[in-house]
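Undergrad: Sharing a structure, written as structure tokens. Questions coming.
The values are calculated or read from the model by the stated rules, or taken from the named source; none is laboratory data. All figures in this text were calculated on a predicted structure; none of them were measured in a lab. Glycine also receives a Cβ, built like all others from the backbone with ideal geometry; neighbour counts cover every protein chain displayed. Just the protein is used for accessible areas: all its heavy atoms, side chains included, with ligands, DNA and RNA removed. Shrake-Rupley method; radii C 1.70, N 1.55, O 1.52, S 1.80 Å.
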4 protein chains.
Amino acid sequence: MSGKKPSTATPQQRLQEASQWWTTGIVDIEPGKIGIRGYPIQELIGELRFPEMVWLMLRGDVPSPAQSALLEAAMVAGVDHGPHAPSIAISRMAVTCGLPVNGAMASAINVLDDVHGGAGQQCMELLQRIATRSGGNEPAAGDVEAELDAFIAAHGKIIPGFGHRFHGPDPRAVRLMQLVRDAREQGVVGGHHEKAGALIEHTLAARKGAPIPMNIDGATAVIYSELGFAPELGRGLFILSRSVGILAHAWEQKQQGGRIKGPMPPGIPYTYNGPAARSLDRERPPAT
Amino acid sequence: MSGKKPSTATPQQRLQEASQWWTTGIVDIEPGKIGIRGYPIQELIGELRFPEMVWLMLRGDVPSPAQSALLEAAMVAGVDHGPHAPSIAISRMAVTCGLPVNGAMASAINVLDDVHGGAGQQCMELLQRIATRSGGNEPAAGDVEAELDAFIAAHGKIIPGFGHRFHGPDPRAVRLMQLVRDAREQGVVGGHHEKAGALIEHTLAARKGAPIPMNIDGATAVIYSELGFAPELGRGLFILSRSVGILAHAWEQKQQGGRIKGPMPPGIPYTYNGPAARSLDRERPPAT
Amino acid sequence: MSGKKPSTATPQQRLQEASQWWTTGIVDIEPGKIGIRGYPIQELIGELRFPEMVWLMLRGDVPSPAQSALLEAAMVAGVDHGPHAPSIAISRMAVTCGLPVNGAMASAINVLDDVHGGAGQQCMELLQRIATRSGGNEPAAGDVEAELDAFIAAHGKIIPGFGHRFHGPDPRAVRLMQLVRDAREQGVVGGHHEKAGALIEHTLAARKGAPIPMNIDGATAVIYSELGFAPELGRGLFILSRSVGILAHAWEQKQQGGRIKGPMPPGIPYTYNGPAARSLDRERPPAT
Amino acid sequence: MSGKKPSTATPQQRLQEASQWWTTGIVDIEPGKIGIRGYPIQELIGELRFPEMVWLMLRGDVPSPAQSALLEAAMVAGVDHGPHAPSIAISRMAVTCGLPVNGAMASAINVLDDVHGGAGQQCMELLQRIATRSGGNEPAAGDVEAELDAFIAAHGKIIPGFGHRFHGPDPRAVRLMQLVRDAREQGVVGGHHEKAGALIEHTLAARKGAPIPMNIDGATAVIYSELGFAPELGRGLFILSRSVGILAHAWEQKQQGGRIKGPMPPGIPYTYNGPAARSLDRERPPAT
């Protein structure tokens, strides 16, 4: 027996410790029975829509149809932004290296990190700080100014969720914010985060003297915040959404064929800026 | 310039080669415009359901509502099977190592490979061989027998999609096959793969003298085959589904806390069966 | 043409931009020629030891034999700490899911993140802050106290590199620090980080009233700092080292066999602490 | 208690089953003691060279210095082949997405699969089939012809380990084969795989009417086979080697900066070859 931390526990206690080591409130399984957050799985299949299942798994309750529809719209919006995105390119490159779809998706999803996949989460954190400052009321311009300044002091001048290297107004954000407005008017969401998003956009434009429109990360951050998701789950929901594009591109690449596809065709060189050719013997340091 | 394969192409030609190196029929992007399979993204947001978007991305057309509902049921069914599944356990372990959700999901999705995530794909391949042998007609018992024998000869006696180490009848499979039956009666699907699945189940039971019921991999394989997906996409759809559970467990583990969580609590030893303690000097081989 | 940011550049300029997009000072390749940091690869093969090649790749110069030997000792020390470590367990679990060694290693290496793989890096950052405070002189006890207090204020009371959940004195750390001492006496390293490490150990013991001995992360942090590596490379070197164990366990598991190996045998249950069984219909919220 | 397979085992038996679930002959750990293949770790640190530790971990014994030197030469040879290689490009792209080195390395190592990382393994399998056919004697030309034909029939005409899209003679392979020859002359290796490699090269050139020289995958396959490694470990050793380049490029990219680096600069478009712009409403299929 190896690797055992000294212990005076009985076998029964150690066994119980092992069971508790893996504790979950998500899924309960017995032979012939699978309960998801308490619901028998067979009652959910064919009844719950996929976004409702996502919500149930992440939060433990079932959303209203209108909440589910808003979540679904946000998840539909983010599936793909083409092979210039590192995640999509990596998925395609991976397939040409011999990987099946699980491996291609893993390598690609892995890079949806702070910079490539974290903008929505960071925007949600900003929205929540504004909400805290507003004390449950509709945020005022001053709340937004103060939190923007604090954010810039801490993280620099790039405000996640606003501006796009490529698009001016992002057509996805425009449409999503329309849906948020509709949902607010129907009482589905409260609208404070929507208001904060609009104030951030207004403030940035005023400071810059040019529009820095909300992008998809900002719009989904507003939606996920309005629906009450924690910021880190904003990243998670984006990953579930972008996984669709990652899979579609992996599959398309597989059908196209190709072996060991690098980032650029071999006819285009890369730049070497290191030392000129040299010989080992002449420069090797003497042994100490 | 480094790494350049010799070429006589002009800059214009090499540039075009670079553009063609990344060719896709999935997404077309211009400033302010994103087209998904030709559809402006803003027309899809709030209009397409998530499973419809999955279908559009993977196949290029939009399914009927009934087809989408069947796909959705299958995707809802597979989200989770608890922490005894390596994928779920890895997601939770990863979080305690410091990973954000993208990293936890990547490490976990990566292991949905041939054995843990490929059963559905393999079952779909079997179903399609039966369909080919049946020549477009409803499969006969003999078609199934012949392809089962061929499968066993090639891959061994475990038939993917049938039997479960844990459940007898799998409640997910029972419910899904009910939905397939309904869809067939409504003309949504043809029912040949459903029939093949039933014949496999019947044949295995007759051979074994005991039921080896269809499991969730078998039921989703029937559905994805009825809907016309390629087998490898069966694995991809399973990954999209199981990703929900992987994310939910990552998030739950994060809230529970814990650092560097191994597979078992430190009070339970592992077994060492290697050489007894020995000293390097006595056994080291002489230099040649 | 899709995804193109508007530009007035000529094809020649855009081609050059592509070449510069991938710029490196590490490796220069022409047909028949591979230069590593300027050295023809064929001059290095059979001449450089593996740790020397690691150093050359990471830093651009070749270390002295004594520096290389110290680096090698640290890399040898960290190869494995058994299947209670999440990285090792994940590697083994991955193989039973059907992954080849590259996939098993990827899933495992991925979790060597801040908590499971970052202790050495964090300890190096602490050592370098102490060095900065000491202004190039041997650190005094007060320097160490001040930086320890600052570290605890920022990150909490766990000091990375000291104490072990399992070992008292870590036999790897004891041996490595002996080698550092030898290297300092021979003039290979300066010894300021060694001194800082000893002062941290002393201070922690005095504060706690009990020994909190330096562990392997602390000892390798001292060595890598003495050799002049940046802290993030401390994590990288640990990964190169631990990869050996990850590969060895993947291979051993493959020879043992097993399918879909979860964290615990199926005879040991996990704990479900979620809602009791409930029915969807009764609790479903009405549509808004 | 959830997920428990019915069992009549006692707690003591179930606990033992858990310990046996994780069985290894590689590392034995007790408080204050770490044994690697039976050797106390502190006896190995500062004594074993890194390639010797790799060998000990993978195989359980310590190689001779000459065997270790040959292994080391092969591991030094494969560290990098520039950013046109998908693995290296992915490592760099990953860093610009916000990943630390462990994540960048994981995404990159993951793609060292059958096509990008499996050539050496496949070549080793070919060499071992030739060795089996030769019955322990030096392989004859006929043995090589027969196994080449069988390989081509099974896998197609690309022979892994021979030919290079970029180099003519691969300077790494030339140097490595020189070292194999030296080792054979000194009795370190038997030379049968070296001979087989030469015969393959000769046969391919004769069939093609032009040289298809052995590349680095072929040369390392010869070396690892001569040293007695299993083919899958050939892939593993390549990964340990290439991990050095993957880490070096991740680190260089981090110092260069850059955010969300795609495969090509945004000034170079990709090609869209999908459907022209269309509207959802007109084409949507009617509900069934």
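Undergrad: Among (1) in contact with a Lys or Arg (Cβ under 7 Å, 6 or more places away or on another chain); (2) surrounded by 20 or more Cβ atoms within 10 Å (Cβ to Cβ), which single condition is residue B:146 missing?
TA: Going through the list (1) in contact with a Lys or Arg (Cβ under 7 Å, 6 or more places away or on another chain); (2) surrounded by 20 or more Cβ atoms within 10 Å (Cβ to Cβ), residue B:146 breaks only (2).
Undergrad: Would you check if residue A:206 is farther than 28 Å from residue B:247 by Cβ, at pLDDT 95 or above and surrounded by fewer than 16 Cβ atoms within 10 Å (Cβ to Cβ)? Outline the logic, then answer.
TA: Numbers: farther than 28 Å from residue B:247 by Cβ: yes; at pLDDT 95 or above: yes; surrounded by fewer than 16 Cβ atoms within 10 Å (Cβ to Cβ): yes.
Spelling it out, residue A:206 is indeed farther than 28 Å from residue B:247 by Cβ, at pLDDT 95 or above and surrounded by fewer than 16 Cβ atoms within 10 Å (Cβ to Cβ).
Undergrad: One residue is enough: does segment B:253-267 have a residue meeting the conditions touching a residue at least 24 places away in the same chain (Cβ under 8 Å), open to solvent by less than 10 Å² (accessible area, probe 1.4 Å) and part of a helix (DSSP H, G or I)?
TA: Checked segment B:253-267: at least one residue is touching a residue at least 24 places away in the same chain (Cβ under 8 Å), open to solvent by less than 10 Å² (accessible area, probe 1.4 Å) and part of a helix (DSSP H, G or I).
Undergrad: Residue check, residue A:132 against (1) polar (S, T, N, Q); (2) open to solvent by 10 Å² or more (accessible area, probe 1.4 Å); (3) in contact (Cβ under 8 Å) with a residue 40 or more places away in the chain, all met but one. Which one?
TA: It is condition (3) that residue A:132 fails.
Undergrad: To continue, here is another question. Would you be able to tell me the number of residues in segment D:20-32 that are more than 7 Å from chain B (Cβ to nearest Cβ), modelled with pLDDT of 95 or more and in contact with a helix residue (DSSP H, G or I) (Cβ under 7 Å, 6 or more places away or on another chain)?
TA: Of the residues in that region, 0 qualify.
Undergrad: List the helices (runs of 4 or more DSSP H) that sit entirely inside segment C:75-194 and contain at least 2 residues that are within 14 Å of chain B (Cβ to nearest Cβ) and out of contact with any Cys (no Cβ under 9 Å at 6 or more places or on another chain). Steps first, please.
TA: Working: elements: C:86-96, C:101-110, C:119-134, C:141-155, C:171-185.
Once the helices (runs of 4 or more DSSP H) in segment C:75-194 are filtered for at least 2 residues that are within 14 Å of chain B (Cβ to nearest Cβ) and out of contact with any Cys (no Cβ under 9 Å at 6 or more places or on another chain), what remains is C:86-96, C:101-110, C:119-134, C:171-185.
Undergrad: Can you say whether residue A:133 is closer than 30 Å to residue B:43 by Cβ and at pLDDT 95 or above, as far as the supplied structure shows? Spell out how you get there, then give the answer.
TA: Working: closer than 30 Å to residue B:43 by Cβ: no; at pLDDT 95 or above: yes.
No.
Undergrad: Does residue A:200 satisfy the condition of being open to solvent by 30 Å² or more (accessible area, probe 1.4 Å) and β-branched (Val, Ile, Thr)?
TA: Values: open to solvent by 30 Å² or more (accessible area, probe 1.4 Å): no; β-branched (Val, Ile, Thr): yes.
Considered against the rule, which asks whether it is open to solvent by 30 Å² or more (accessible area, probe 1.4 Å) and β-branched (Val, Ile, Thr), residue A:200 comes out as no.
Undergrad: Select from segment D:222-238 the residues that are surrounded by fewer than 24 Cβ atoms within 10 Å (Cβ to Cβ) and among the small types (Gly, Ala, Ser) and list them in ascending order.
TA: Correct list: D:228, D:230.
Undergrad: Which residue pairs have Cβ atoms under 8 Å apart, sit 6 or more places apart or on different chains, and have a first residue in segment A:165-191 that is without any contact (Cβ under 8 Å) to a residue 60 or more places away in the chain and farther than 16 Å from residue A:67 by Cα and a second that is in a helix (DSSP H, G or I) and of a type in the set (Val, Ile, Thr)?
TA: A:170/A:216; A:171/B:41; A:173/A:216
Undergrad: A further question on this structure: Which is within 14 Å of chain A (Cβ to nearest Cβ) and among the polar types (S, T, N, Q), of C:271, C:220?
TA: Within the list C:271, C:220, the selection yields C:271.
Undergrad: Additional query: If you go through segment B:90-119, how many residues are under 17 Å from residue B:154 (Cα atoms) and open to solvent by 10 Å² or more (accessible area, probe 1.4 Å)?
TA: Qualifying residue count for the region: 3.
Undergrad: Just checking, how many residues over segment D:1-26 are on the phi < 0 side of the Ramachandran plot, open to solvent by less than 30 Å² (accessible area, probe 1.4 Å) and not aliphatic (A, V, I, L, M)?
TA: Qualifying residue count for the region: 7.
Undergrad: Of the residues that sit in segment C:27-68 and are in contact (Cβ under 8 Å) with a residue 24 or more places away in the chain, assigned to a helix (DSSP H, G or I) and over 18 Å from the mean Cα position of the chain (by Cα), which one is surrounded by the fewest Cβ atoms within 10 Å (Cβ to Cβ)?
TA: Going through the qualifying residues, I end up with C:66.
Undergrad: Can you name the condition, by its number, that residue D:10 falls short on among (1) more than 27 Å from residue C:73 (Cα to Cα); (2) facing chain B (nearest Cβ under 10 Å)?
TA: For residue D:10, the failing item is (2).
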